[in-house]
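Here is the structure we will look at, set down as structure tokens.
The values are calculated or read from the model by the stated rules, or taken from the named source; none is laboratory data. If you're wondering where the values come from, they're calculated on a predicted model, not measured in any experiment. Neighbour counts run over all protein chains shown; Cβ positions are idealised from the backbone, glycine included. The area values use the complete protein model at the heavy-atom level, side chains included, leaving out ligands, DNA and RNA. Shrake-Rupley method; radii C 1.70, N 1.55, O 1.52, S 1.80 Å.
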Amino acid sequence: MQAIILAAGQGSRLRPLTDHRPKCLVKVQGKPILEYQLEALCAAGVRECVIVVGHLAAQVRNTIGSRYRNLSITYVENEIYDRTNNIYSLWLARTKITDDVLLLEGDLIFEPELLMDVLDAPYENAAVVDRFQSFMNGTVILARGHAADAMVLKREQSLGFDYRTALKTVNIYKFSYEAISDDLMPALGAYIAQGATDDYYEMAIADAIADQTMRMGVVHTGLRAWAEIDTVEDLADTERMRRWQWSRNVDLDTPTALAR
């Protein structure tokens, strides 16, 4: 199992904090968001991570380096991060994929048990989801039992969209090597060839679920805490959550889940 973290974006809604600092290095309770993610990967037994960088890429490289504790780090640079979106960043990582993949977006902070939950889930491909609440926005999943029935991007949620059974994607995914290399990456490439570089990788996942070329399970957050930090207000709300002190009590060199 290897991880891919998408951390190329400019974080424009977090300005001025991101004027001179990449979004993934913005600090929550004194620690960069990215370090929380890397610690969670270490605790889950993951040993390889690819970070896709762009905005202020050198800062990420200089801060994290090529190794974080037991985690080997490699980088892919999106040199046109200012005019592309996450579909292009993920596609750039295609040459680094050698195993099953945990995909994370670089603005997330979460309790590490979420990674253990998704790794232990009996699905080759899975999305971490939470019950949709009124303050949320973005891509949702409609599920039948523990299987995704449809993925609906924000722009497709028309006026009157029924959110009562919708599940918010947390932007943590697990993919088998076969699914990401044989299905997802070619689909991303096809979109990019059509000029859709400033779009979202979820389009390809939604297509694969719709045409049943990819079966995707859902893993609920339950009581696990998580936050997506897009704005200064998000950051302030997250700072007030005391759950992020978990790492002080975790032995990061003795993984609580077997390495995948």
For this session: With θ set to phi - 60°, apply the Karplus curve 6.51 cos²θ - 1.76 cosθ + 1.60 along the stretch 74-89 and write out the HN-Hα couplings as whole Hz, x wherever there is a Gly or Pro.
Result: 10, 10, 10, 10, 8, 6, 10, 4, 6, 9, 10, 10, 5, 4, 6, 4
Problem set entry | Distance in nm between pseudo-label sites at SER158 and LYS96 (7 Å out along the Cβ direction from Cα) | 4.0 nm
Seminar exercise, completed: per DSSP, antiparallel bridges as share of beta bridges in the chain, % nearest 5, sits at 55 percent
Exercise. Once fully extended, how much extra length lies between THR165 and ARG215, figured as 0.36 nm per residue of separation less the alpha-carbon to alpha-carbon distance?
Worked result: 16.1 nm
For this session: Give a residue-ordered list of calculated ³J(HN,Hα) values for the stretch 16-27 (Karplus: 6.51 cos²θ - 1.76 cosθ + 1.60, θ = phi - 60°; whole Hz; x for Gly, Pro).
Result: x, 4, 9, 5, 10, 8, x, 4, 5, 9, 4, 8
For this session: Pull up the cross-link candidates among the lysines for LYS96, meaning alpha carbon to alpha carbon under 24 Å and not fewer than 8 places away within one chain.
Result: LYS23, LYS174
Problem set entry | Taking only Cα atoms of the stretch 1-142, radius of gyration then Dmax in Å | 14.9, 43
Problem set entry | Choice from ASP100, ASP207, ASP182 showing the highest fluctuation, given a GNM over the chain with Cα pairs closer than 10 Å | ASP182
Exercise. Given a 1.4 Å probe, how much area per residue of the stretch 121-196 is accessible, in Å²?
Worked result: 52 Å²
Exercise. What is the percent of Cα-Cα separations in the chain that go past 34 Å?
Worked result: 10 percent
Problem set entry | Whichever aspartates and glutamates have a C-alpha closer than 12 Å to that of LYS168, once near sequence neighbours (fewer than 8 apart) are set aside | ASP130, GLU228
Exercise. Pick from ILE192, ILE180, ILE172: which is most flexible by mean-square fluctuation in a GNM of the chain where alpha carbon atoms under 10 Å apart are linked?
Worked result: ILE192
Exercise. Ranked from the most accessible area to the least, with a 1.4 Å probe and all protein chains present, what is the order of PHE135, PHE110?
Worked result: PHE135, PHE110
Problem set entry | Sequence-separation-based contact order of the chain, relative, with Cα cut under 8 Å and 6+ spacing, percent | 27 percent
Exercise. How big is the equivalent ellipsoid of the stretch 60-119 along its three axes, where each semi-axis is √(5λ) from the Cα gyration tensor, reported in whole Å from largest to smallest?
Worked result: 21, 16, 14
Exercise. In nm, what is the difference between 0.36 nm times the number of residues separating GLU124 and ASP234 and their Cα-Cα distance?
Worked result: 36.4 nm
Exercise. Between ASN137 and ASP82, how many nm apart are label points set 7 Å from Cα along the C-beta direction?
Worked result: 2.5 nm
For this session: Report ³J(HN,Hα) in whole Hz for each residue of the stretch 133-138, in order, from the Karplus equation J = 6.51 cos²θ - 1.76 cosθ + 1.60 where θ = phi - 60°; Gly and Pro get x.
Result: 10, 4, 7, 7, 8, x
Exercise. Considering the chain as a Gaussian network with a 10 Å cut-off on Cα pairs, which listed residue, ALA179, ALA43, ALA193, attains the greatest mean-square fluctuation?
Worked result: ALA193
Exercise. Sorted by accessible area (1.4 Å probe), largest first, how do HIS220, HIS20 line up?
Worked result: HIS20, HIS220
